[in-house]
Every structure is written in C-alpha cells, then in structure tokens.
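Structure record follows, encoded as structure tokens.
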C-alpha cells in the first residue's frame, strides 16, 4: 500500500467525506500483548496465559486487550496518510469506540479509515475526525470501530490543548 502524501491542510480538507486507501495487514503477536500488559498492569489471564486461555476461554487462545487494539489506530493511520506541512500531530480524543470482535494472538488486522471532518484549530492547526474500522482478517466483524480525533499543526505554534 502506498501512503497518501498530501502537501497541506487544504488538500486534507479536500478529502473530507472520502475513504483513505486501506492499510496493510499487521500481525498482533503475543509479544505485543505481553508488552502491553506489562506497560498497563493489565495482566488478566485472557491476555497473558496461553494455556489457561486455551482451556477456559471461549476464544481458545489469548486475545489482545481492547485498548491495545485501539492504540494501534494512531500508528496505522500514520501509515495511510501524511501531510507534508504538518510539523506535529497529537491525539485529541475519541467520540465513539466499540470492540465488536476480539483479536486473537497471532491474528492480523488492517485499518480502513475515512476523513470525516477537518476543522480549523488555532491559527495554524486543524482538528481532524477520522472514522476508523480496524478489520480482523477472516472475521465478518471488525476488531474495533472508532471515531478518532487528532490535532495537526503547521509551523511552530504552541497552543494549549
């Protein structure tokens, strides 16, 4: 997949209401799940104990944390699109999030995203709302559906967030 390269925020605004190219498949490994568990302190057996999950989980294996799945959106979105004039981007928040399907360890996900809205933010920034669907390979239901909001800035603006 080729990353969509845009020159500036006006080019991004022109994409409002349009889908981005779909992303590449990315493996969600047990090592990623374990690292997330260590970083967050969420080491529930459904995520980290493969044998117990095999025997007692309805999924038959460990599954990624929902918040791990959600946290993949930012990086995967950055793989889909870049705005040349943007000197900084930050996560602003989420309006809606759902996890329709668990992500088993070793499975693959990919991002499908749409530019839902682009609004001015401060003197040199924009607030972008992205409609994101994290597809789960071989599953009729997505792993995550989210309305993700980010801020992008051009120049050296420092604005309170």
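Computed values, structure above
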read-out: Approximate spin-label separation residue 98-residue 61, in nm, with each point projected 7 Å along Cα-to-Cβ; value: 2.5 nm
read-out: Linear extension gain, residue 32 paired with residue 145, 0.36 nm per residue minus alpha-carbon span; value: 38.6 nm
read-out: Over the chain: helical MRE at 222 nm, DSSP H runs n ≥ 4 each giving -39500 (n - 2.57), nearest 500; value: -7000 deg cm²/dmol
read-out: Ratio Rg/Rh [Cα only; Rh per Kirkwood] for segment 41-98; value: 1.17
read-out: Theoretical gain in end-to-end length, residue 90 to residue 2 [0.36 nm per residue, Cα-Cα removed]; value: 29.4 nm
read-out: Extension gain (nm, one decimal) between residue 138 and residue 24, 0.36 nm per residue minus Cα-Cα; value: 39.6 nm
read-out: C-alpha long axis of helix 66-80 to longest principal axis of the chain, angle in °; value: 40 degrees
read-out: (1) 12.5; (2) 10.1; (3) 8.8, with the label sought being that of the calculated mean projected area of the Cα convex hull in nm²; value: (2)
read-out: Taking the chain and dividing mean pair separation by its residue count, relative contact order in percent (alpha carbons under 8 Å, at least six apart); value: 28 percent
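Just so you know, all these numbers are worked out from the coordinates, no wet-lab data involved. Here the structure is a predicted model, which means the values were calculated and not measured. Because the Cβ atoms are built from the backbone with ideal geometry, glycine has one as well, and the counts that use them run over all protein chains shown.
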